[in-house]
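Have a look at the structure below before the remarks.
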Amino acid sequence: MGARYSVAVGVIAVLIALVVGVTLGAAAGYVGGAFENLIMRLTDIFSSIPSVLMAIAVVSALGKSTANLMIAVGIASTAPFVRVARAAVLTVRGEEYIESARAIGMPEWQIVVLHVLPNCVSQIIVQATLRVGSAIISSAQLSFLNLGVPAPAPEWGSMLAAGRSYIRGYSYMTLFPGLAIMLTVLSLNLIGDGLRDAMDPKLKR
């Protein structure tokens, strides 16, 4: 029951971060110049703020609800996607097939959508898989602080907060939600490592 909320919050928050981060990162890497500097300096500012602290600030500003929790965790997870997307675009921006597409008069947005992003998708997928685990932990932290999914929804973080008062006599009330978080995040990290090994040609022998 708790997985329905925790996993859903993690996945949707990462999708929000994926859309915003990849759009900004790809635009910064492809356009370059002052626009790239502006986007990356803003990303540096967001990266300097702890993700949980930023999520707490967003939830406090928007109000406590499941949708606002997804938005808060998504905003806090955007910066890594900007960096990954920019780095991936920079590696393919100067390739010959990009120059050929530009030479035949293809619009810039089509070049990005049809040629640049498809060649960057492997790094982005790996980053997204790894960030889902971090998003689940962040949502559990906020719910533990009573800033996440409202009661009585059985979210793992709120279950931990509710069971800590009975930890001496009924330790299973906190043991099983904690194990659920640990095993879920561990599984997602192992999947991310496997995808990285499978999709990165430099690691293939």
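A few remarks follow.
- Subset of segment 46-84 (residues that are β-branched (Val, Ile, Thr) and touching a residue at least 40 places away in the same chain (Cβ under 8 Å)): Val52, Ile56, Val59, Thr66, Ile71, Val73, Ile75, Thr78, Val82, Val84
- Some residue of segment 101-119 being of a type in the set (Asp, Glu), touching a His at 6+ places or on another chain (Cβ under 9 Å) and on the phi < 0 side of the Ramachandran plot: no
- Note on segment 76-94: among residues that are closer than 13 Å to Val112 by Cβ and among the charged types (D, E, K, R), the one that is nearest to the chain's Cα centre (by Cα) is Arg86.
Every residue, every condition in (1) in contact with a helix residue (DSSP H, G or I) (Cβ under 8 Å, 6 or more places away or on another chain); (2) of a type outside the set (Val, Ile, Thr); (3) touching a residue at least 60 places away in the same chain (Cβ under 8 Å), yes or no:
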position	(1), (2), (3)
Glu108	yes, yes, yes
Val113	no, no, no
Pro118	no, yes, no
Gly157	yes, yes, yes
Gly163	yes, yes, no
Leu183	no, yes, no
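- Yes/no for Arg93 being in contact with a Phe, Trp or Tyr (Cβ under 7 Å, 6 or more places away or on another chain) and of a type outside the set (A, V, I, L, M, F, W, C): yes
- Residue, surrounded by the most Cβ atoms within 10 Å (Cβ to Cβ), within segment 145-187, restricted to residues that are charged (D, E, K, R) and outside any helix (DSSP H, G or I): Glu155
- Helices (runs of 4 or more DSSP H) lying entirely in segment 1-105 (those with 2 or more residues that are modelled with pLDDT of 85 or more and surrounded by 13 or more Cβ atoms within 10 Å (Cβ to Cβ)): 2-31, 33-47, 51-62, 66-76, 78-92
- Some residue of segment 124-133 being over 17 Å from Val9 (Cβ atoms), part of a helix (DSSP H, G or I) and either free of Cβ contacts under 8 Å to residues at least 40 places away in the same chain or aromatic (Phe, Trp, Tyr) (or both): no
- Single residue of Leu142, Leu190 found to be part of a helix (DSSP H, G or I), under 20 Å from the mean Cα position of the chain (by Cα) and either at pLDDT below 85 or surrounded by fewer than 19 Cβ atoms within 10 Å (Cβ to Cβ) (or both): Leu190
The values are calculated or read from the model by the stated rules, or taken from the named source; none is laboratory data. In this text the structure is predicted, and so the values were computed from the model without any measurement. Counting neighbours? That spans all protein chains shown, and the Cβs are built from the backbone with ideal geometry, glycine included.
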